[in-house]
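Below is one structure, written out as structure tokens; the observations come after it.
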Amino acid sequence: MTEGRQRVLREGIEKAPSRIDEVPEDRVVRALLDHFSSAVSDFQKLRQGVLRAKIERYELVKACRFLRDSLGFEHLSMISAVEYDNRFEVVYHIASYQNKLLLELITHTPKEDSAVDSVSSVWGGANWQEREAYDLMGIRFNNHPKLERILLPKDYLYHPLRKDFKG
């Protein structure tokens, strides 16, 4: 997101009254832009209670800790990976039950360096999901406690969900 678009989004939220009954989506957008302004972009409200944002991979773990500790996002429900011609996107579905919110947080990594930092230290449930993305798509999760294949044999050379797989 361009700096101008971030400013417009932030100004629109700042014009909204800051009250106890403030819309939870606005609080999340405001907090993420305040704490990670250079790393977070492309906020969208997909529908009531569902947000989408993109984040640079180098800030992913810090932002996830912030979401958990400061904004009440207590559950990582899913990690998935999407392959494009020159990059992968890793998509995290993170829920705040107390605020009735789901945040779809997306980061990308180039194919030639397909790695992002593991969030398994933030949400333990990420462990197996990251291993699955590694096994099937070949995305490495830095600092993962046990990054190894989970579905295929350990000596298997390929990642069968990649578009270049010729199984």
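Rule-based calculations on the coordinates, nothing more; no lab input. Keep in mind it's a predicted model, so treat the numbers as computed, not measured.
Beta bridges from DSSP with both residues in the chain: antiparallel share about 75 percent, rounded to the nearest 5. For segment 36-53, 3J(HN,Hα) computed residue by residue from phi via the Karplus equation (6.51, -1.76, 1.60; θ = phi - 60°) reads 9, 4, 7, 10, 9, 8, 6, 5, 9, 9, 6, 6, 3, x, 10, 10, 9, 8 Hz, glycine and proline entered as x. Based on DSSP H segments of at least four residues, each scored -39500 (n - 2.57), the chain has a per-residue ellipticity at 222 nm of -9000 deg cm²/dmol.
Between the helical axis of 126-137 and the longest alpha-carbon principal axis of the chain there is an angle of about 50 degrees.
Here the Karplus curve 6.51 cos²θ - 1.76 cosθ + 1.60, taken at θ = phi - 60°, turns the phi angles of segment 70-83 into couplings of 9, 10, x, 8, 8, 9, 9, 8, 6, 10, 9, 10, 10, 9 Hz, with x standing for Gly and Pro. Rounded, prolate or oblate: which one fits segment 84-135, using the alpha carbon gyration tensor with axes a ≥ b ≥ c (rounded when a/c is under 1.5, else prolate when a/b beats b/c, else oblate)? Here segment 84-135 falls in the oblate category. Taking the C-alpha atoms only, the angle from helix 3-15 to the longest principal axis of the chain is near 50 degrees. Counting lysine pairs in the chain whose alpha carbons fall under 24 angstrom apart, excluding pairs fewer than 8 residues apart on the same chain, gives 20.
Amide hydrogen proximity for residue 140: with H placed 1.01 Å from N in the peptide plane, the residues at 5 or more positions away or on another chain lying under 5 Å are 115, 116. If a/c stays under 1.5 just call it rounded; otherwise compare a/b with b/c (prolate if a/b is bigger, oblate if not). Do that for segment 64-153, with a ≥ b ≥ c from the square roots of the Cα gyration tensor eigenvalues. Verdict is prolate for segment 64-153.
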